[in-house]
Amino acid sequence: MQDTTMAGLWALGLGTVKAQSTVTKTMHASIPTLVMLANLPQLALSIIYVLVNRLLSAMAAAREWASFAHSRKGLRVTAPQGQQRSTLWLQLPYSFAIPQLALSALLHYFVSQSLFLAQIAIFNASDETEDGGASVSSIGFSAIGIFCSLLTTGAVLVAVVLAGLVVRCEEGSVPVGFCSAAVAAACHPPMWEKTGAERELLQWGDVLGKDGFFCGEDVYGPVGHCSFSAEKVSLPEVGKLYA
């Protein structure tokens, strides 16, 4: 009787081929079919990686955007000039990118050791030649590999949820996410903004101040305007109109 304890499952090995750890229903499938079946979980992991990466990118971008309302910083650009900053090398801050890459690599490894192509060759005892008719190819699995994959997946889910709870945006700015229209709306500096301000340290906020007036087609009066500026700005006020 097979030992189903943790020690017994570990004794079967991680990613090792055993007669009792093969999927018998796939023994008559072709090699290309078996390869595709064994690697389907890898495709699923790659899709999940892209989705999690986008989620973390949105969190990091929202946090950095919000920080512009409280301190002056240089813009992130591909070719920085003046006090501008270069773009992030891994598209994410290292505090996000390194744990994500490490967990992703570990999860891909465990999944590769959980399901794999298994080829069992049968040899004749008399002349030690391979009996091609008796040799089989199938999908092998590792119980301890599946356990480690599930454990790592749970750790990834917990890490993403904790990141969503811990990463908070400072109050005072308008969340824009990846909406280019919202980003563009925050990049209309006042007429008196000096040329080349984009190469200096910028801050986002109300550029007109408490007594500023805005004159437009539909409104005239104490309406503020928020934008990035190298000049003095103030935090937006609750209940005040902005254009």
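Given their separation in residues at 0.36 nm each and the Cα-Cα distance between them, residue 121 and residue 166 gain 10.9 nm when the chain is fully extended.
For residue 194, a cut-off of 24 angstrom between C-alpha atoms picks up these lysines, skipping any fewer than 8 places away in its own chain: 73, 210, 232. Given a Förster distance of 51 angstrom, what is the FRET efficiency for residue 24 paired with residue 159, based on the Cβ-Cβ distance and rounded to 0.05? So the FRET efficiency works out to roughly 0.85. Sorting 144, 120, 31 from the fewest to the most surrounding beta carbons within 10 angstrom yields 31, 120, 144.
Working from label points 7 Å from Cα in the Cα-to-Cβ sense, the residue 89 to residue 16 distance is 3.9 nm. Ordering of 199-207, 104-112 by packing is 199-207, 104-112, highest average first (other Cβ atoms within 10 Å, averaged per residue). The stretch between residue 199 and residue 180, if pulled fully straight at 0.36 nm per residue, gains 4.8 nm over its current Cα-Cα span. The length gained on full extension between residue 51 and residue 235, counted as 0.36 nm times the residue separation minus their Cα-Cα distance, comes to 62.9 nm. Taking a ≥ b ≥ c as the square roots of the eigenvalues of the Cα gyration tensor, an a/c ratio of 1.5 or more together with a/b larger than b/c marks region 38-193 as prolate.
We did not get these values from a lab; they are worked out from the coordinates using the rules stated. On a predicted model such as this, the values are computed, not experimentally measured, just so you know. No Cβ is skipped: glycine too gets one built from the backbone with ideal geometry, and neighbour counts run over all protein chains shown.
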